[in-house]
Amino acid sequence: MEIDSGTTAWMLTAAALVLLMTPGLAFFYGGMTRAKSVLNMMMMSFGAIVTVTITWMLFGHSLAFTDNPSLALNTFVGGFDALGLQGLVDTATADDGTGMPSLVFSMFQMTFAIITVALISGAIADRAKFGAWMLFTVIWATVVYFPVAHWVWGTGWLNTMGIEDFAGGTVVHINAGAAALALALVLGRRQGWRKEPMRPHNLTLVLLGAALLWFGWFGFNAGSELAVDGITGLAFINTQVATAVAVGAWLLVEKLRDGHATSLGAASGAVAGLVAITPACGFVDPWAAMVIGLLAGAACAYAVGLKYRLGYDDSLDVVGVHLVGGVVGAVALGFLAAYPATDQQSEGLFYGGGFGQLGLQVLGPVAVGAYSFVITWIIGTIIHKTLGFRISSEDEVTGVDITTHAETGYDLGTVHASGVSSSNGPVTAPVTKKVDA
């Protein structure tokens with residue numbers, strides 16, 4: 001098949017948009033932490049870009065998107081035909097039927113792996129060793145993300161059964177949310193949790209991060225069609241509709257429950273809507289996207305409070321937003337799918353598809369969530385018991401930025417030196433008259 005220049009140009013753009021989402025996540029998470037941890041939180045996202053890029057190139061693509069010679073193992077993980085991305089250089093044709101060079105597809109999928117790993121970091125803000133986190137990202141991507149991507153998007157068992165996941169509700173968000181819960185339990189609660197205020201230190205950064213995520217998510221969702229056609233447009237507009245409605249739903253819950261609609265709620269509601277529409281964006285009508293956004297915004301607004309009832313310290317609400325939002329979107333497909341990717345048997349219950357697809361949309365999140373939780377708990381526990389995953393209590397009180405990175409997010413001393421006083425307002429410098437000679 002000849003390379004389609006239009007498809008290739010769009011997919012290069014989509015890949016860049018999705019990559020931008022990880023720095024956007026760094027701003028989103030960074031603003032939600034306390035000031036003494038902002039750099040470490042952002043570094044965890046940038047660190048994931050480094051480790052996942054390398055592992056994807058070496059063996060990640062191969063494990064996710066090639067076939068295993070053993071038919072029994074192929075249901076679980078791919079093979080080794082593309083180690084180091086060998087054999088994927090297309091100079092004249094694209095032989096995989098997508099119309100784009102194979103390396104463009106690989107780059108697009110790499111960006112998904114990167115942000116999935118980075119999402120987990122929000123659950124362990126303020127208290128994780130940076131070196132231990134970097135090691136964790138390599139192991140987790142290898143034994144959790146790459147196999148799960150093969151299950152759903154490769155030739156693995158969930159794909160064979162007919163699960164629908166357009167852009168990663170199961171592979172990305174449920175996977176990361178379950179892992180976040182496990183890792184939060186392994187590391188334990190922060191010092192002073194529920195006793196000291198741990199409010200976001202910079203809501204402007206949070207809103208900036210949410211805006212970058214929202215912008216990049218159009219590449220995330222619409223790009224997952226791997227073409228430029230009507231479904232691409234459907235995924236694009238559904239992403240906008242669901243996200244806007246989820247923001248409104250979250251703010252309404254806040255207003256009714258707390259008496260105030262907050263900027264943090266708007267940012268969190270946007271992410272909740274983006275998460276929920278991700279698996280469904282190419283399969284549902286815009287009115288259904290509105291329903292999904294409404295459900296996700298309200299459900300996630302309530303779900304973020306579960307950590308206080310159940311006693312786990314998910315610092316930045318990865319579980320409440322990504323796990324819960326991912327489940328809402330994945331299961332909603334069992335009811336609302338109108339444009340199945342394969343055949344009519346995968347239509348939703350409301351479109352005559354029966355209970356088979358609905359059952360599969362429940363099975364996928366349960367299987368992926370359970371696998372991710374258990375394996376993450378094992379990985380985290382081994383690292384914690386051997387190298388140590390958590391910083392010392394003294395370092396946590398001082399702040400992980402200064403103790404780990406020898407930096408601070410805000411060097412206010414230079415501001416004071418330039419003539420701004422934090423207590424008395426501007427400091428006026430002496431005025432010297434110019435005297436004519």
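The values are calculated or read from the model by the stated rules, or taken from the named source; none is laboratory data. Keep in mind it's a predicted model, so treat the numbers as computed, not measured. Neighbour counts run over all protein chains shown; Cβ positions are idealised from the backbone, glycine included. Ligands, DNA and RNA are excluded from the accessible area calculation, which covers all protein heavy atoms including side chains. Shrake-Rupley method; radii C 1.70, N 1.55, O 1.52, S 1.80 Å.
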Working from Cα positions, state the angle (0 to 90°, nearest 10) between the long axis of helix 230-258 and the longest principal axis of the chain. 50 degrees
Give the long-range amide H neighbours of ALA128: residues separated by 5 or more places, or on another chain, with amide H under 5 Å away, using H modelled in the peptide plane at 1.01 Å from N. ILE391
In whole Hz, with x marking every Gly and Pro, tabulate ³J(HN,Hα) for region 126-139 from phi via Karplus 6.51 cos²θ - 1.76 cosθ + 1.60, θ = phi - 60°. 6, 9, 9, 6, 5, x, 5, 4, 4, 5, 4, 4, 5, 5
So the carbon and sulfur contribution to the accessible area of the chain, 1.4 Å probe, in percent, is 67 percent
Which one, ILE3, ALA123, GLN86, is farthest towards the positive end of the dipole of region 1-132 when Lys and Arg carry +1 and Asp and Glu -1 on their Cβ? ALA123
Past 23 Å, Cα to Cα, is the threshold; run LYS129/LYS385; LYS255/LYS307; LYS36/LYS385; LYS195/LYS307; LYS36/LYS255 against it and keep the listed order. LYS36/LYS385; LYS36/LYS255
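Could you state the accessible area per residue of the chain in Å², with a 1.4 Å probe and every protein chain left in place? Display every interim value, and only then the final one.
On the way: 17970 Å² over 437 residues.
I get 41 Å² per residue for the chain.
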Treating the angle as unsigned and between 0 and 90°, give the value, to the nearest 10°, between the Cα long axis of helix 38-55 and the longest Cα principal axis of the chain. 30 degrees
Apply the Karplus curve 6.51 cos²θ - 1.76 cosθ + 1.60, θ = phi - 60°, to the phi angles in region 305-322 and return the couplings in whole Hz, x for Gly and Pro. x, 4, 4, 6, 6, 8, x, 9, 9, 8, 3, 10, 6, 5, 5, x, 9, 7
Would you please give the residues with an amide H less than 5 Å from that of ILE3, counting only those at least 5 places away or on a separate chain, with H modeled from the backbone geometry? ALA94
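I want the local charge near ALA280. Using Cβ-Cβ distances under 11 Å, sum +1 for each Lys or Arg and -1 for each Asp or Glu among the other residues.
On the way: positive: none; negative: GLU164, ASP165, ASP285.
Result for the local shell: -3.
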For the chain, set up a GNM with springs between Cα atoms under 10 Å and report which of SER106, SER346, SER263 has the largest fluctuation. SER263
Which entry in (1) 0.92; (2) 0.97; (3) 1.04 matches Cα Rg over 2.2 N^0.38 Å derived from the coordinates of this structure? (3)
